[in-house]
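The values are calculated or read from the model by the stated rules, or taken from the named source; none is laboratory data. Quantities reported herein were computed from a predicted structural model and do not represent experimental measurements. Areas reflect the complete protein model, heavy atoms only, side chains present, ligands, DNA and RNA absent. Shrake-Rupley method; radii C 1.70, N 1.55, O 1.52, S 1.80 Å.
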Amino acid sequence: MEISRKLNQFGDYDDTTDMSVDDWGERWNKSQTQFHVSRAHPMLEKHYTALTDGKSSQRIFLPLCGKSIDLKWLADKGHDVVGCEGVDLGCREFFEEQNIPYKTEPIKGIEGLLYKATDGRKISIYRCDYFKLSSNVIGTFDCVWDRGSFVAVGTHMRQEYMNVTIPLLKKNTKYLLDCFLVDNKVFGGPPFNCTEQDVKKYFGKACSSRKIDTKNAFGKWQESWGVKSFVEEVYMLTMK
């Protein structure tokens with residue numbers, strides 16, 4: 001039986017299945033960003049060569065990036081790294097915590113602010129509503145590192161997420177997708193459960209998918225959600 005009021009990852013019982021940019025901003029203002037990893041993500045480090053095919057100077061996209069250290073880690077390897085984040089605080093904290101000088105300018109074509117590193121690193125973060133993005137605004141990419149972005153949006157928004165994301169890919173784009181298996185009958189999310197069948201359902205029309213990693217990611221934080229298990233699964237997607 002599904003529990004009507006479910007604890008979310010933020011420790012309260014608010015409905016998180018349809019979070020707006022303002023809702024995420026409220027969580028950032030409360031420092032409810034425990035999802036942030038304080039180092040380069042282990043799955044990115046492990047599968048970096050497969051993602052980039054060993055190539056340098058790739059244009060790499062990190063959707064819903066927050067203040068991910070992965071932006072700097074990839075840029076330091078010589079790539080042109082582009083993130084999208086809905087909350088100004090997340091953008092500012094990234095540059096300030098990594099001691100990277102930056103400038104801002106309006107995004108051309110949609111409402112938002114573009115944060116750009118000014119120390120020679122190729123790091124840009126588009127602070128805007130992800131669902132307003134298009135290739136005319138942000139361009140297209142050689143690689144995508146989707147670290148919990150697809151699974152952060154409510155399941156009813158997944159097709160809309162795909163409608164935005166797929167046009168940003170090139171014919172040879174490699175897409176590293178980080179997902180989780182979690183019981184959302186007990187836990188309110190995010191993240192939201194994503195099976196291999198879900199990956200095929202939403203990505204399968206445009207992409208071929210291959211599961212390349214699985215990890216038991218259950219820890220004290222996940223235990224506090226009331227779930228019994230939490231499994232991380234990683235897929236490599238390529239355009240058909």
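Observations, loosely collected:
- Centre separation in Å (Cα based) which lies between the stretch 137-161 and the stretch 184-209: 12 Å
- Surface accessible to a 1.4 Å probe, Asp14 within the full protein complex, Å²: 80 Å²
- Carbon plus sulfur fraction of accessible area for the stretch 44-138, probe 1.4 Å, in percent: 42 percent
- Length-normalised contact order of the chain in % [C-alpha pairs under 8 Å, at least 6 apart]: 20 percent
- Carbon + sulfur, % of accessible area of the stretch 144-197 - ligands and nucleic acids excluded, 1.4 Å: 52 percent
- Pairs spanning more than 31 Å between alpha-carbon atoms, out of Lys201/Lys228; Lys72/Lys108; Lys103/Lys220; Lys170/Lys220; Lys55/Lys220: Lys103/Lys220; Lys170/Lys220; Lys55/Lys220.
- Residue-normalised accessible area of the stretch 96-188, expressed per residue, 1.4 Å probe, Å²: 45 Å²
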